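The values are calculated or read from the model by the stated rules, or taken from the named source; none is laboratory data. Bear in mind the structure is a predicted one, so any value in this text is a computation, not a measurement. Positions of Cβ are backbone-derived with ideal geometry, glycine not excepted, and every protein chain shown enters the neighbour counts. Surface areas here come from the heavy atoms of the whole protein model, side chains and all, with no ligands, DNA or RNA. Shrake-Rupley method; radii C 1.70, N 1.55, O 1.52, S 1.80 Å.
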Amino acid sequence: MKKSNKNQEVRKFDAEVAKVLNLVIHSLYTNKDIFLRELISNASDACDKRRFLAQSDTSLSADEYKISVKIDSKNKELIISDNGIGMSYDELLENLGTIAKSGTQAFLNELDKKDNVNLIGQFGVGFYSSFMVADKVTVKSRKAGEETAHQWQSKGDGEYTVEATEYEATGTEITLKLRKDAEEYLDKHRLSHIITTYSDHITIPVELIDEEGKPAQVNKGKALWMRPKSEITAEEYQQFYKSISHQVDKPFLTLHGKAEGKIEYTYLLFVPSMKPFDLYHPDRMRRVKLFVRRVFIAEDTVEIIPRWLRFLRGVVDSEDLPLNISRESLQANPLVEKIRKSITNKVLSELKKKAEKEPEEYAVFWKNFGPVLKEGLCETLDSKDPLLEVCRFYSSAGENITGVDDYISRMKPEQQDIYYLSGENLETLRTHPQIEGFVKRGIEVLFFTDTVDDFWVNVAHDYKGKKFKSVTRADIDLSDRDEKSEGKEEHKEMAPLIELFRKELGEKVKDVVISKKLESSPVCLGVAEGDMDIRMEKFLRENRQLPYASSKILEINPHHKLILALSEKGETQEVRDTINLLYDQALIIEGEAVQDLKGFSDRLNQLIEKSLAA
Ligand code: ADP
Ligand code: MG
């Protein structure tokens with residue numbers, strides 16, 4: 001073995017690490033036990049990594065992977081070692097001197113939000129939690145395939161040292177010099193209890209070596225997901241969820257089962273009840289771990305679940321995928337797509353059951369993850385119907401969210417389309433002029449309040465033979481059959497006024513038409529069939545993907561007092577001003593900016609003056 005020529009260096013921790021360490025050391029009311037869970041989880045990850053690399057480079061393989069926890073009462077030390085991948089000199093600096101990774105970063109994010117020191121106990125903060133029980137931590141490590149070993153050491157006081165060291169084995173050994181108030185962790189029974197509580201599902205055997213050097217395996221060493229459902233306690237599921245997701249909530253849904261037949265795999269998946277902090281983080285689009293016959297393969301890189309189910313946490317363990325190929329070629333393996341489809345169906349059908357059985361709990365789930373699920377409607381039409389079955393929307397029919405199937409069951413006999421209105425604010429939508437005519441006729445309108453709604457509705461046009469149709473479409477005709485047969489809905493008497501509107505507004509509008517849906521408002525903007533919906537257009541403009549607003553159709557309400565009065569007046573300045581005011585009002589209602597602000601306020605002020613003088 002060659003000795004590295006690195007001399008001892010003293011370095012300072014990153015500011016973030018120092019912050020975490022400070023909290024870890026000075027917070028009193030925390031569950032210290034979790035340091036062991038964190039160290040064992042790191043050791044197990046390291047074994048998984050080495051086993052994975054050994055698939056393609058057999059020189060890296062070990063006969064048997066093992067984690068051991070050794071008690072040294074004389075020196076008041078606890079020594080945790082593994083024969084995993086190990087760390088090189090650079091990796092020691094990078095991994096233990098900066099905050100690069102998931103668990104600890106999640107903790108910091110939560111902390112920023114809540115400023116709650118007690119979170120440490122719930123979270124575990126990875127490697128640094130060892131400083132809860134130790135006043136000196138020494139890490140010796142030799143990376144698989146490398147000749148030299150290095151030592152990292154710190155008292156958790158802002159500095160650490162790194163240097164070359166003698167370490168024969170491959171892997172990592174962590175020595176904790178226990179604090180005075182943490183000597184309880186020299187007790188064999190205590191340790192054994194902690195390991196079975198938190199680390200039972202670890203697939204690598206964990207052995208506890210007592211004072212006399214006698215080893216005993218403590219964990220079952222069997223992947224939790226491979227054990228029969230009936231033998232797993234709620235507590236075991238919860239612990240597993242916690243360790244795999246870094247979340248502290250109780251899962252909303254736990255799906256555990258085995259797919260058999262053409263493709264065979266076992267899944268243990270959780271739907272969190274709390275929104276994970278990284279739900280919209282582009283680097284973290286998938287969080288389900290892929291195993292092949294109990295060997296960990298990948299987390300983010302293989303598309304084992306679709307992006308729009310990225311709130312799922314857990315594992316999928318395939319019996320059929322080959323073990324000895326790279327992650328890239330694994331991604332291209334057609335089996336991966338089959339597994340993905342099969343899991344997607346499973347999850348959607350479970351969500352459907354839950355939505356039907358427990359609508360109130362489902363509403364909370366929907367609030368957290370609905371917008372993510374709906375991304376699926378933009379991406380693929382494969383799962384369109386099962387996806388729309390689990391979608392929920394607010395509607396004009398009541399206070400609560402409703403499903404599209406329920407909407408369809410309430411449709412009027414002659415109604416062909418599923419009507420919706422989209423906009424950011426639910427309260428604005430509920431009183432929007434665009435829906436007046438619908439509400440009066442008892443026709444329900446769905447409210448689309450998420451940005452993603454404007455996108456999917458342009459991709460997934462229909463559901464169960466019914467088209468989704470925005471109420472802003474100018475071709476909607478709500479006038480009833482009697483009016484039509486009498487030819488009343490044509491409103492020929494309005495023709496001169498309409499001409500006046502057209503002349504006055506000119507290029508600003510695409511057309512001016514008689515509205516067949518307005519009730520108590522005088523005007524609204526409408527969109528021609530085939531043109532882009534108002535809110536979608538607005539979104540694209542705000543994101544600079546469209547240069548300017550297209551001109552809209554102005555709909556006027558032939559029954560409205562104001563319009564009736566105007567039609568009797570002829571072409572006066574007053575009428576022309578009112579036409580402009582009405583157009584601006586229609587813009588404002590749609591949340592659009594008024595172009596001629598000076599003209600608008602002048603006209604409004606004149607009107608107010610007049611009414612005050614009267
Ligand atoms: P996390 O496990 O969430 O990444 P940790 O603070 O627990 O965060 O660990 C930081 C990093 O240190 C790990 O990602 C890993 O790269 C490295 N590491 C920690 N323990 C070991 C170990 N026993 N063997 C190899 N690498 C380790
Ligand atoms: Mg960790």
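When the residues of the stretch 48-64 are filtered to those that are surrounded by 14 or more Cβ atoms within 10 Å (Cβ to Cβ) and of a type outside the set (A, V, I, L, M, F, W, C), which remaining residue is farthest from ligand 1 (Cβ to nearest atom)?
By that ranking, first place goes to Q55.
Restrict the check to the stretch 283-298 and report whether at least one residue is over 30 Å from L53 (Cβ atoms) and open to solvent by less than 20 Å² (accessible area, probe 1.4 Å). It would help to see each step written out before you state the result.
Filtering the stretch 283-298 down to residues over 30 Å from L53 (Cβ atoms) leaves none.
No, the conditions are met nowhere in the stretch 283-298.
Might you check whether a residue that is away from ligand 1 (no atom under 11 Å from the Cβ), open to solvent by 60 Å² or more (accessible area, probe 1.4 Å) and either assigned by TED's automatic domain parsing to the domain that holds L178 or on the phi > 0 side of the Ramachandran plot (or both) occurs anywhere in the stretch 27-38?
Filtering the stretch 27-38 for residues away from ligand 1 (no atom under 11 Å from the Cβ) gives 27-34, 36.
Going one step further and asking which of them are open to solvent by 60 Å² or more (accessible area, probe 1.4 Å), we end up with 28-29.
Still in the list and also either assigned by TED's automatic domain parsing to the domain that holds L178 or on the phi > 0 side of the Ramachandran plot (or both): 28-29.
Yes, because at least one residue in the stretch 27-38 is away from ligand 1 (no atom under 11 Å from the Cβ), open to solvent by 60 Å² or more (accessible area, probe 1.4 Å) and either assigned by TED's automatic domain parsing to the domain that holds L178 or on the phi > 0 side of the Ramachandran plot (or both).
Here's the yes/no breakdown for (1) of a type outside the set (G, A, S); (2) part of a strand (DSSP E or B):
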| site | (1), (2) |
| --- | --- |
| A18 | no, no |
| I25 | yes, no |
| R37 | yes, no |
| S41 | no, no |
| R50 | yes, no |
| L53 | yes, no |
| I71 | yes, yes |
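Out of all the residues in the stretch 191-221, which are in contact with a Leu (Cβ under 8 Å, 6 or more places away or on another chain), assigned to a loop (DSSP other than H, G, I, E, B) and not charged (D, E, K, R)?
Within the stretch 191-221, H201, V218 meet the criteria.
For the subset of the stretch 327-351 comprising residues that are of a type outside the set (A, V, I, L, M) and farther than 27 Å from W366 by Cα, which member is surrounded by the fewest Cβ atoms within 10 Å (Cβ to Cβ)?
Among residues in the stretch 327-351 that are of a type outside the set (A, V, I, L, M) and farther than 27 Å from W366 by Cα, the one surrounded by the fewest Cβ atoms within 10 Å (Cβ to Cβ) is P334.
From the list I498, I579, I534, which residue is of a type in the set (V, I, T), on the phi < 0 side of the Ramachandran plot and without any contact (Cβ under 8 Å) to a residue 60 or more places away in the chain?
I498
Is it the case that F468 is without any contact (Cβ under 8 Å) to a residue 60 or more places away in the chain, closer than 24 Å to S349 by Cα and more than 21 Å from the chain's Cα centre (by Cα)?
Criteria met by F468.
Checking V125 against (1) out of contact with any Lys or Arg (no Cβ under 9 Å at 6 or more places or on another chain); (2) within 30 Å of L23 (Cβ to Cβ); (3) away from ligand 2 (no atom under 16 Å from the Cβ); (4) modelled with pLDDT under 90, which test does it fail?
(3)
Among the residues of the stretch 199-241 satisfying the criterion of being open to solvent by less than 50 Å² (accessible area, probe 1.4 Å) and among the charged types (D, E, K, R), which is modelled with the lowest pLDDT?
Quick first cut of the stretch 199-241, residues open to solvent by less than 50 Å² (accessible area, probe 1.4 Å) only: 199-210, 213, 218-219, 221, 223-225, 227, 232, 236-241.
Adding the requirement that they be among the charged types (D, E, K, R) leaves 200, 207, 210, 227, 236.
Working: D200: 79, E207: 95, D210: 92, R227: 92, E236: 91.
Among those residues, the one meeting the criterion is D200.
Within the group D45, D82, D72, which residue is at negative phi, within 10 Å of ligand 1 (Cβ to nearest atom), at pLDDT 95 or above and assigned by TED's automatic domain parsing to the domain that holds Q151?
None of the other options fit; the residue is D82.
Looking at the stretch 514-542, which of its residues are over 19 Å from G423 (Cβ atoms) and not in a loop (DSSP other than H, G, I, E, B)?
Matches in the stretch 514-542: I514 only.
Run down L597, L566, L604 and say which single residue is loosely packed, with under 15 Cβ neighbours inside 10 Å and over 44 Å from the mean Cα position of the chain (by Cα).
L604
List pairs: first residue in the stretch 165-177 and basic (K, R), second residue assigned to a loop (DSSP other than H, G, I, E, B) anywhere in the structure, Cβ distance under 7 angstrom, at least six positions apart or on different chains.
K177/K76
Can you name every one of the strands (runs of 3 or more DSSP E) wholly within the stretch 125-175 that holds 1 or more residues which are of a type in the set (K, R)?
Qualifying strands (runs of 3 or more DSSP E): 134-142.
Identify the single condition in (1) assigned to a strand (DSSP E or B); (2) in contact (Cβ under 8 Å) with a residue 24 or more places away in the chain; (3) farther than 16 Å from K341 by Cα that T254 does not satisfy, given that it satisfies every other one.
The single condition T254 does not satisfy is (2).
For the stretch 501-514, give me each residue that is open to solvent by 10 Å² or more (accessible area, probe 1.4 Å) and in contact (Cβ under 8 Å) with a residue 24 or more places away in the chain. Spell out how you get there, then give the answer.
As a first pass, look at the stretch 501-514 and keep what is open to solvent by 10 Å² or more (accessible area, probe 1.4 Å): 502-504, 506-511, 513-514.
Passing the criteria: E504, E507, K508, V509, K510, D511, V513, I514.
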